[in-house]
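None of the figures in this text is laboratory data; all of them are computed from the coordinates on show. Owing to the predicted nature of the structure, the values given are computational and were not obtained by experimental measurement. For neighbour counting, all protein chains shown are included, and Cβ atoms are generated from backbone atoms with ideal geometry for every residue, glycine included.
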Amino acid sequence: MTSLFILIGIVVFFSLSVYFWNTIQRRKGVSEAEPETYARPDGCCGAHAVCEHPADELNCAPDYFDDEELDRFERRLSHEYSDEEAEEFREIFNTMLDEEKTLWLRSLRMRHIGLPQQVKKELLEAMKSLPKSQQIA
């Protein structure tokens, strides 16, 4: 019986340690990465986890979908958006053509703009409902 209490104590200790560590890290915030962190090797477009396209074959600049106003959200964490700001993302997403939605999400990623937590699940569900030919960018 004593070993059971010791085991429970160890589990509780580690759980609390992980909780407090995460809390401290969140309060510190996300630090700005060094510019060289985002440097791409020559010939890589940066649109894929593993480079598939040379830079000269594919335009590596992010496409804009009449959403330049979203650039003010660059590097903002998904839980930091207000409901009004999240509504801007929802409105833009809902007004674009289905075949543009994947490209728009890729453009946001290339511009370091995260989706607001309030709309992330909704937009991902909408993307899953698109035909497979429109999901691949």
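Details
- Sites E125 and R72, calculated FRET efficiency, Cβ-Cβ separation with R0 35 Å, nearest 0.05: 0.85
- Under 5 Å between amide hydrogens, built in the peptide plane, is the criterion, and for R76 it picks out G114 among residues at least 5 positions away or on other chains.
- Summed side-chain charge close to Y64 - residues other than Y64 whose Cβ falls under 14 Å, Lys, Arg +1, Asp, Glu -1: -4
- Model label sites at L103 and I24, defined 7 Å from Cα along the beta-carbon direction, differ in position by 4.7 nm.
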